[in-house]
Number of protein chains: 2
Amino acid sequence: MNQQQITAARQRAAAQLSAAGIILTPDEAVNIEVVDFGLQRLESEGLEIVTYENNDRYCAKELVLFPRQTCPEHRHPPVGDEPGKRETFRVRQGIVWLYVEGRESATIHARVPERSGLHYTVFHEIELHPGQQYTIEPNTKHWFQAGDAGAIISEFSSTSRDEADVFTDPNIRRVG
Amino acid sequence: MNQQQITAARQRAAAQLSAAGIILTPDEAVNIEVVDFGLQRLESEGLEIVTYENNDRYCAKELVLFPRQTCPEHRHPPVGDEPGKRETFRVRQGIVWLYVEGRESATIHARVPERSGLHYTVFHEIELHPGQQYTIEPNTKHWFQAGDAGAIISEFSSTSRDEADVFTDPNIRRVG
């Protein structure tokens, strides 16, 4: 992504948060993390993140998804003596379809991103509306997609260590 | 408090959250925790709490304060091998005056609750507006009060163990 694309995505995410009544400081708004996972197709596979706090005990973020934007399949493995990251997703705005390991759902509502189809392998669907939440256990494969209105998810978790995440798609680079 | 008072406080807290755009499930709304710390003067010293998640690694809550309502001074001591609870307060609505250990502020904006004055001993003031946040280190004495419009605080923290909290006021019973 070039700087113009990043700035545009930041402004769009900031507007979406503001419309949902979530207030950022000016400094937070201009520093929203725009993640395309190195795939160069942000609209399809990407995520916008505001990290409020990440310390050696806990972490809290807002995750913004544009309409039908998808966070690709990944898991949080153990790091050293610690189990992997556990995370609770609470939806604040929009609909989120979350997929985790387990019995495959008969039909799913998300559209698997075309160019990455082979790298989506878990299809146990959890549909989350505003006010609903789900906790993903450590080292469990998961991916998620917003509905047509986009979505905002509050993520509460143990310490985030993005560099340790394992993505199913070998083309993904989370950090750097 | 009698059941009628608890129900009224729940409804008031639910309306305040709703006005701020924070969506609860119906089940969460009717189960808001109303805490008067055993002091029987909720309007002055009390707190309304929605706990989204509390597990052995992290915790996330919304704290609702009515206008000028105060959460009394307390600290989170170590429990077993773990350091005390660390917590990040992020204000979502209203103004919060937070007091922690450290150099006493020349003037403070909160009004120390009259009937409990002796049990407030730390006066280093941090004023928080919506979008601003502050992290309170373990085992640090702190108390806080909302401004005239009440306040909503998102609390992100390590595991909550209310029964371990140490209040300055010996009359307080946190867990009844």
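Taken about its Cα centre, the protein assembly as shown carries a charge dipole of roughly 420 debye when the Cβ of each Lys and Arg holds +1 and the Cβ of each Asp and Glu holds -1. In order along region B:161-170, the phi-based Karplus estimate (6.51 cos²θ - 1.76 cosθ + 1.60, θ = phi - 60°) of 3J(HN,Hα) comes to 10, 3, 5, 8, 4, 10, 9, 5, 7, x Hz; Gly and Pro are listed as x. Checking every one of the trypsin sites (Lys or Arg not before Pro) in region A:35-116 against DSSP loop status and a limit of 12 other Cβ atoms within 10 Å picks out A:Arg103, A:Arg111. Taking Cα centre as origin and charging only the Cβ of basic (Lys, Arg, +1) and acidic (Asp, Glu, -1) residues, the dipole magnitude of region B:16-106 rounds to 360 debye. Multiplying the residue separation of A:Met1 and A:Arg173 by 0.36 nm and removing their Cα-Cα distance gives an extension gain of 60.6 nm. Given 25 °C and 0.890 mPa s, compute D for region B:1-98 with the Stokes-Einstein relation, Rh being the Kirkwood radius over Cα pairs; round to the nearest whole µm²/s. It comes out at roughly 167 µm²/s. Here the scattering of region B:93-176 is modelled by Debye summation over its C-alpha atoms, one equal scatterer each and no solvent; at q = 0.15 Å⁻¹ the log10 of I(q)/I(0) is -0.62.
Dividing the radius of gyration of the alpha carbons in the protein assembly as shown by their Kirkwood radius gives 0.99 for Rg/Rh.
In the protein assembly as shown, the calculated helix contribution to ellipticity at 222 nm averages -4000 deg cm²/dmol per residue, counting -39,500 (n - 2.57) for every DSSP H run with n ≥ 4.
The chain A residue nearest the rotation axis shared with chain B, using its Cβ and rounding the distance to whole Å, is A:Gly21, 1. Neighbour counts of other Cβ atoms within 10 Å put A:Thr51, A:Thr7 in the fewest-to-most order A:Thr7, A:Thr51. 3J(HN,Hα) couplings calculated from phi for region A:31-36 with the Karplus curve 6.51 cos²θ - 1.76 cosθ + 1.60 (θ = phi - 60°) are, in sequence order, 10, 4, 7, 10, 10, 10 Hz; Gly and Pro show x.
Normalised by the number of residues in chain A, the mean separation of alpha-carbon contacts (under 8 Å, six or more apart) gives a relative contact order of 29 percent. Dipole check for chain B: with +1 at the C-beta of Lys and Arg, -1 at the C-beta of Asp and Glu, and the Cα centre as origin, the magnitude is about 260 Debye.
Semi-axis lengths, largest first, of the ellipsoid equivalent to chain A are 22, 19, 17 Å, with √(5λ) applied to each eigenvalue of the Cα gyration tensor. The mean sequence distance of close C-alpha pairs (under 8 Å, at least 6 residues apart), as a share of the length of region A:48-88, puts its relative contact order at 24 percent. Whole Å is fine, so just give me how far the alpha carbon centre of region B:3-81 lies from that of region B:155-176. The two parts, judged by their Cα centres, are 13 Å apart. If you plug the beta carbon distance of B:Arg12 and A:Glu114 into 1/(1 + (r/R0)^6) with R0 = 41 Å, you get a FRET efficiency near 0.25. Each part reduced to its alpha carbon centroid, region A:124-150 and region B:106-148 end up 37 Å apart.
FYI, it's all coordinate maths here, none of it is from the lab. Just so it is clear, the model here is predicted, and its values are computed rather than measured. Ideal geometry is used to build each Cβ from the backbone, glycine not excepted, and the neighbour counts take in all protein chains shown.
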